Amino acid sequence: MNRNVFCVALGICSALIVAVSSQAVIAAEDSSDSDVLLHIHLPREMTVRDNLLNLGQVSVVRGAGPLVAKAREIGMGRFSAPGQKVVLDRFTILSRFASFGIPRENVRFTGADAVTVRRQQEIIESQDFLEMGRQFLRQNASTSLVYEAMPLAKPRDLVLGGQAEDIQLRPQFVRGAARGLVTVKIRVVADGADVGFRDIPFRLKYESHQAVTSSEIPEGTVLTPENVRIEKTLAGRPEPAGWKPPYGLVTTRTLLANTEIREAMVGSVPSDVVVRRNETVVIRIERPGLLVTAVGTALQEARTGEVIKVRNDDSRRVIVCKVNPDGTVEPIL
């Protein structure tokens, strides 16, 4: 065979082999994509206007049929504060797909491994200020006992003069608030410059306990678990350290059922009479380096800690004394 003819024939055969191989590769790729229902392309960065995120806002979704529309509406979280960045990686997106019953085998990704999403804002809304104020109160150690923070006024929206790349809300406490109230000042910083602020007063509520009468309790009755119940409540100030139920105390007045028991309504159990009327008592004055005693006569009955009149037997003068636990009396100077 002529050498030139042989070379031409060999070239044709080679071209045919390459063409067949290429078609086989394309067919194989088409076969591998046959089970892929969704193609998700992730850009490196996205800027959105809405507060709530879905897949259609942060990526390019392609595919067949109604599954594409469903995938585009899958929620991807929300912005909780102005200036916040949300990073969504492929694993997070696949997890959201799984919760909607879309297997990961049916999804193919292209583009970046993760997309960084920013919110384009021209207005800082009232709700943004309120949410930042609540977050600040929850995170502040000195208000860790706060159960609830109720805003007393709704802050106005803040319109920004122009678009900013970096927006930050910087909260701080305002001094001089009334008891049970706290004011949070929230400064708005855009690209490093202060552009406005909002002051938000909050009424603080603390979880605490209160003692309530289970039934009507006559004056002079000792409080016990049988006639008192303990309830949880919200109060305007923190519960005192070491609070305990008022069991063992005595009512100083008649209390109706379902009455909150306050400190002025109860007292200690009266002690036994220590000094009786016309009884001889020792008048005792003791100071550092000094002890003076005398004999007197009690003109009244008294218990420990009570104040009575005593007549000094030597001078016949009547003086006012406080009764000591040991039965002696001490003049009140």
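The values are calculated or read from the model by the stated rules, or taken from the named source; none is laboratory data. In this text the structure is predicted, and so the values were computed from the model without any measurement. Cβ: placed from backbone, ideal geometry, glycine included. Neighbour counts: every protein chain shown.
Considering only residues that are β-branched (Val, Ile, Thr) and closer than 19 Å to Glu207 by Cβ, look in the range 224-281 and name the one that is nearest to the chain's Cα centre (by Cα). Step through it out loud before you land on a result.
Going through the range 224-281, the residues β-branched (Val, Ile, Thr) turn out to be 224, 228, 230, 233, 250-252, 254, 259, 261, 266, 269, 273-275, 280-281.
Still in the running and closer than 19 Å to Glu207 by Cβ: 230, 233, 261.
On the way: Ile230: 25, Thr233: 17, Ile261: 29 Å.
Step by step, filter the range 224-281, then rank; the result is Thr233.
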Residue match in the range 46-53 (condition: over 38 Å from the mean Cα position of the chain (by Cα) and at pLDDT 80 or above): no
Candidates Val329, Val320 - the one that is closer than 20 Å to Val273 by Cβ, aliphatic (A, V, I, L, M) and surrounded by fewer than 15 Cβ atoms within 10 Å (Cβ to Cβ): Val320
Complete set of residues in the range 118-135 that are at pLDDT below 90 and either farther than 20 Å from Lys85 by Cβ or among the β-branched types (Val, Ile, Thr) (or both): Ile123, Ile124, Arg134
Extreme residue, modelled with the highest pLDDT, among residues of the range 170-195 that are in a loop (DSSP other than H, G, I, E, B) and under 20 Å from Gln139 (Cα atoms): Arg175
Members of the range 254-269 found to be exposed (fewer than 12 other Cβ atoms within 10 Å of the Cβ) and not polar (S, T, N, Q), listed by number: Leu256, Ala257, Arg262, Glu263, Ala264, Val269
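Answer with yes or no whether Leu130 is surrounded by 15 or more Cβ atoms within 10 Å (Cβ to Cβ) and either in a strand (DSSP E or B) or assigned by TED's automatic domain parsing to the domain that holds Pro171 (or both). Give the steps one after another, and end with the answer.
Numbers: surrounded by 15 or more Cβ atoms within 10 Å (Cβ to Cβ): yes; either in a strand (DSSP E or B) or assigned by TED's automatic domain parsing to the domain that holds Pro171 (or both): yes.
Judged against the criteria, Leu130 is a match.
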Helices (runs of 4 or more DSSP H) wholly inside the range 39-102 containing at least 1 residues that are exposed (fewer than 14 other Cβ atoms within 10 Å of the Cβ) and acidic (Asp, Glu): none
In the range 164-209, the residues that are among the aromatic types (Phe, Trp, Tyr) and more than 22 Å from the chain's Cα centre (by Cα): Phe197
